[in-house]
Ligand SMILES: Cc1ncc(COP(=O)(O)O)c(C=O)c1O
């Protein structure tokens, strides 16, 4: 059989071999300790902080999508903290793109700089120079919320241990490890689980020593996910390709509508042919994601837009089946204009969404 397509890959990912009378996806294993006599390390399970069969199945599933080993954590931020703290010690240097997720930047300010790690933040044009002599290079592409696109193969080719935060794309749209990254980080809170109902994160790598070091970190730091969340995420995985197909189609349709209007500025979507990131995105992504950003010129107009929209829920996060949007500057932390909106297209019917976005834009203009 030729290489299976994305839907085929996710539908059975991580399922055990069929057994007469057994379910497709076994239920979550709820246990702290397991029955255990003798050598605890020889047992298949001993204590859930050390490992859990429900995690194991999901790790096999999402690791398999990237031909790598996956290590699960309780959230994307727990995964980011594990990556940073297993790679950086006092006196080492971290180079980051300055537009990466504000939570990761806040972590470096609160927990790395005070412990003697040098953090170099660089805009896209300065990243290559800032990476000289660094111990870790942290990239996010497309970045949240500004949707900058980085040439991952070129930057990972600089020879520095490289992390790509792949959250806005996810494993089906972009494969950072194939482009030379050492690690890929995913907040599975977003489209990987896709229903706005759980928090989860994971790291993939093809280096077994690095994977082991992350698992050791998780065991000792205790940043472990609950089995039910992991089971829910696994339960949602078979529809990932379908959800992405609709979400990406809707995002492109909305981006086109926005770009055609005179009263909307700064529309960013890597799938728009005129977008500054489009050419690189076309080379390194197989789809352009569910997130669109744009500027309505003022906080007041952005708030009026969010209030007038019926199918676009004012909420943070992205990647779920529901279309959501928010005025990003309400949080602080990102260098975006007051009227900047990040919108995540969901799985509603395209015509309904377009009609709603259009009426909300018209209503907010007055
Ligand atoms: C790009 C990116 N990385 C990491 C995270 C952190 O993930 P979590 O909220 O699951 O901790 C987020 C959350 O929004 C994100 O957008």
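The values are calculated or read from the model by the stated rules, or taken from the named source; none is laboratory data. Because the structure is predicted, anything quoted here is derived from the model rather than measured. Please note: Cβ atoms are built from the backbone with ideal geometry, for glycine as well, and neighbour counts cover all protein chains shown.
Looking only at the range 176-191, count how many residues are closer than 23 Å to residue 278 by Cα and within 12 Å of the ligand (Cβ to nearest atom).
Result for the range 176-191: 5.
Quick one: which residue in 173, 198 is more than 10 Å from the ligand (Cβ to nearest atom) and surrounded by fewer than 24 Cβ atoms within 10 Å (Cβ to Cβ)?
173
Looking at residue 287, is it more than 16 Å from the ligand (Cβ to nearest atom), within 18 Å of the chain's Cα centre (by Cα), at pLDDT 95 or above and crowded, with 21+ Cβ neighbours inside 10 Å?
yes
Go through the range 249-271 and count every residue that is surrounded by fewer than 22 Cβ atoms within 10 Å (Cβ to Cβ) and assigned to a helix (DSSP H, G or I).
Result for the range 249-271: 6.
In the range 138-151, how many residues are away from the ligand (no atom under 16 Å from the Cβ) and assigned to a strand (DSSP E or B)?
So the count comes out to 0.
Is it true that some residue in the range 248-262 is touching a residue at least 12 places away in the same chain (Cβ under 8 Å) and under 16 Å from the mean Cα position of the chain (by Cα)?
yes
(1) on the phi < 0 side of the Ramachandran plot; (2) in contact with a strand residue (DSSP E or B) (Cβ under 8 Å, 6 or more places away or on another chain); (3) away from the ligand (no atom under 16 Å from the Cβ): which one isn't true of residue 266, the others all being true?
(1)
Answer yes or no: is there a residue in the range 30-44 that is surrounded by 12 or more Cβ atoms within 10 Å (Cβ to Cβ), within 29 Å of the chain's Cα centre (by Cα) and at pLDDT 95 or above.
Looking for residues that are surrounded by 12 or more Cβ atoms within 10 Å (Cβ to Cβ), within 29 Å of the chain's Cα centre (by Cα) and at pLDDT 95 or above, one finds at least one in the range 30-44, hence yes.
Return only the number of the condition from (1) assigned to a loop (DSSP other than H, G, I, E, B); (2) touching a residue at least 24 places away in the same chain (Cβ under 8 Å); (3) within 16 Å of the ligand (Cβ to nearest atom) that residue 293 does not satisfy.
Tallying (1) assigned to a loop (DSSP other than H, G, I, E, B); (2) touching a residue at least 24 places away in the same chain (Cβ under 8 Å); (3) within 16 Å of the ligand (Cβ to nearest atom), residue 293 fails exactly one: (1).
I'm trying to understand the selection: among the residues of the range 224-247, which are crowded, with 20+ Cβ neighbours inside 10 Å and more than 18 Å from the chain's Cα centre (by Cα)?
Correct list: 231 only.
Which of the following residues is under 16 Å from the mean Cα position of the chain (by Cα), within 19 Å of residue 52 (Cα to Cα) and outside any helix (DSSP H, G or I): 168, 204?
204
For the range 1-29, which residues satisfy the criterion of being touching a residue at least 60 places away in the same chain (Cβ under 8 Å), within 26 Å of residue 49 (Cα to Cα) and surrounded by 13 or more Cβ atoms within 10 Å (Cβ to Cβ)?
13, 14, 25, 28, 29
Does residue 155 meet the test of being buried (at least 22 other Cβ atoms within 10 Å of the Cβ), away from the ligand (no atom under 11 Å from the Cβ) and free of Cβ contacts under 8 Å to residues at least 40 places away in the same chain?
Yes; evaluated as a whole, the condition is true for this residue.
If I filter the range 337-354 down to residues being part of a loop (DSSP other than H, G, I, E, B) and within 20 Å of the chain's Cα centre (by Cα), which single residue comes out as nearest to residue 270 (Cα to Cα)?
Taking the candidates together, the pick is 345.
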